[in-house]
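The values are calculated or read from the model by the stated rules, or taken from the named source; none is laboratory data. Note that the coordinates shown come from a computational prediction; the quantities given were computed from them, not determined experimentally. Here the Cβ positions follow ideal geometry from the backbone for every residue, glycine too, while neighbour counts run over all protein chains shown. SASA here: full protein model, heavy atoms, side chains in, ligands and nucleic acids out. Shrake-Rupley method; radii C 1.70, N 1.55, O 1.52, S 1.80 Å.
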Amino acid sequence: MRKILLLGSGGRESAFAWKISQSNLCQKLFIAPGNAGTSQYGENVKLNPNHFEEVKSFVLKNAINMVIVGPEEPLVNGIHDFFCADETLAHIPVIGPKMEGAILEGSKDFSKNFMNRHGIPTASSKSFTFESLAAGLDYLDQHSLPVVLKADGLAAGKGVLILEDREAAKSELKAMLDGKFGNAGSTVVIEQFLSGIEVSVFILTDGNHYKILPEAKDYKRIGQGDTGLNTGGMGSVSPVPFASPEFMAKVEDKIIKPTIHGLKAEGIDYTGFIFFGLIKVGEEPMVIEYNCRMGDPETESVIPRIDADLVAMFEACANQQLDSFELKIREQHAATVMMVAGGYPGDYEKGKPISGLENVRDSIVFHAGTLADQGQIKTNGGRVLAVTSLQDTQFDALQRATADAARIYFDGKYFREDIGFDLM
Ligand code: AMP
Ligand code: GLY
């Protein structure tokens, strides 16, 4: 039996907590820090996942014997390494890679070089630093447009710029190398723009074996019809109709297998999720980015399709026996509609009371930015609730998730009503 500590506080962690709480292998689940929704599935703990000493005391005091890391930051900061290096913690399985693996997400320069070393299809690119600014500007002079500039390090999803104009690209390169994104931009990757449709593919790996989870599509723009500013994600669907068996076979052969092989060849011991942000160019998959964690809001559509015990899967992963784990996937379609605060992704207010949750009929509501305040659930972030419906057809899933989102109210609430409709 496992006493599990799940780190994180978003919709992704709510979906994990919902699924973990259904496992007979879970004796007790703590979520740190969690949100108003995760407390339905376990006990929330006031802990900062980036404060490793605090995490350690909690783990020892509560005899935690499995840790699942939701967000990238603690992984990139080395939480798994911290556990391995401490003799009182070293025996506890951590689901999430060590720093040497998390760098696939933590450094875009590293991940581009990794892909090039292992023949993994990706956009052509070159990296520059402040010292090589002049060469970077020359490179931009020769580059086709649009051009993509990426801050090397973690920049809270804001470090990627797509520029149509050469002069604008040059001044952005200067600004980034001048510290626009702090240290994250001390190296900038200049990359060829790829045109195609995006899909998120996920695996769980124990370093030797892997399981491919259901794929998903994320809708990043704030406005209907994919218009307006980029957000953390306004909704998702799974399965993705254009990710045909033929396409997924290419993804496995040309991307997943060479990635696992590359990690092993470079002596990188990886236990956890890999999120392949892919783009379909013609009929070919190419990698836009790696993440060392699951996607949000993709997880909210992926997890309900998993017809297997998630804790048993983590157990198999920790024991390096993922090959003997049977992962069943439901044929049904999941659609997730994200309800966000008015003003998001710009400035928005928090603390708005949420009502109507009890009126939801055909969906699971995964909380993202919520907080319980004296018995009242209130908004506490830009992305507030993820409303997920699992149905026999994509149309039904979308319609029901949207209808249920309409049954929930908070001041300023907004959601897109067209999630997934482009795929039908
Ligand atoms: P990332 O932070 O790497 O996920 O990039 C954010 C978004 O920028 C991606 O989801 C894509 O929509 C877009 N993007 C990144 N790189 C490229 C590229 N080389 N070509 C086209 N779009 C890109
Ligand atoms: N949905 C994209 C991400 O989690 O980064």
Inter-label distance, nm, simple model (7 Å from Cα along the C-beta direction), HIS51/ALA156: 1.9 nm
So between ALA175 and GLN224, what do we pick up on full extension, going 0.36 nm a residue minus the alpha carbon distance? 14.5 nm
Report the calculated FRET efficiency for ASP138 and ASN319 (r = Cβ-Cβ distance, R0 = 45 Å), to the nearest 0.05. 0.30
With the cut-off at 17 Å, report for the range 64-132 the share of all Cα pairs above it, as a whole percent. 53 percent
When the expected Rg is taken as 2.2 N^0.38 Å, what fraction or multiple of it is the alpha-carbon Rg of the range 155-200? 1.26
Give the relative contact order (percent, whole number) for the range 287-396; include only Cα pairs under 8 Å separated by 6+ residues. 29 percent
Cα-only Debye scattering, the range 193-273: base-10 log of I(q)/I(0) at q = 0.22 Å⁻¹: -1.06
Under the Karplus relation with 6.51, -1.76 and 1.60 and θ = phi - 60°, whole-Hz ³J(HN,Hα) for the range 284-301, x at Gly and Pro, equal 9, x, 10, 8, 8, 6, 9, 10, 9, 7, 7, x, 9, x, 5, 3, 5, 8
So the FRET efficiency between GLU43 and ASN359, C-beta based with R0 = 35 Å and rounded to 0.05, is 0.85
When the accessible area of the chain is computed with all protein chains present and a 1.4 Å probe, what percentage of it is carbon and sulfur? 48 percent
Spelling it out for ILE95: with amide H atoms placed in the peptide plane at 1.01 Å from N, the residues 5 or more places away or on another chain with amide H under 5 Å from its amide H are VAL67, ILE68, VAL69
Taking every eigenvalue of the Cα gyration tensor of the chain, multiplying by 5 and rooting it, what semi-axes result, largest first, whole Å? 31, 27, 22
Computed ³J(HN,Hα) along the range 373-386: with the Karplus parameters 6.51/-1.76/1.60, θ = phi - 60°, integer Hz and x for glycine or proline, the list is 10, 6, x, 9, 8, 10, 6, 8, x, x, 8, 9, 9, 10
Normalised convex hull volume, the range 79-210, alpha-carbon set, Å³ per residue: 140 Å³
For ARG166 and GLU246, FRET efficiency with R0 = 41 Å and r from the beta-carbon atoms, rounded to 0.05? 0.60
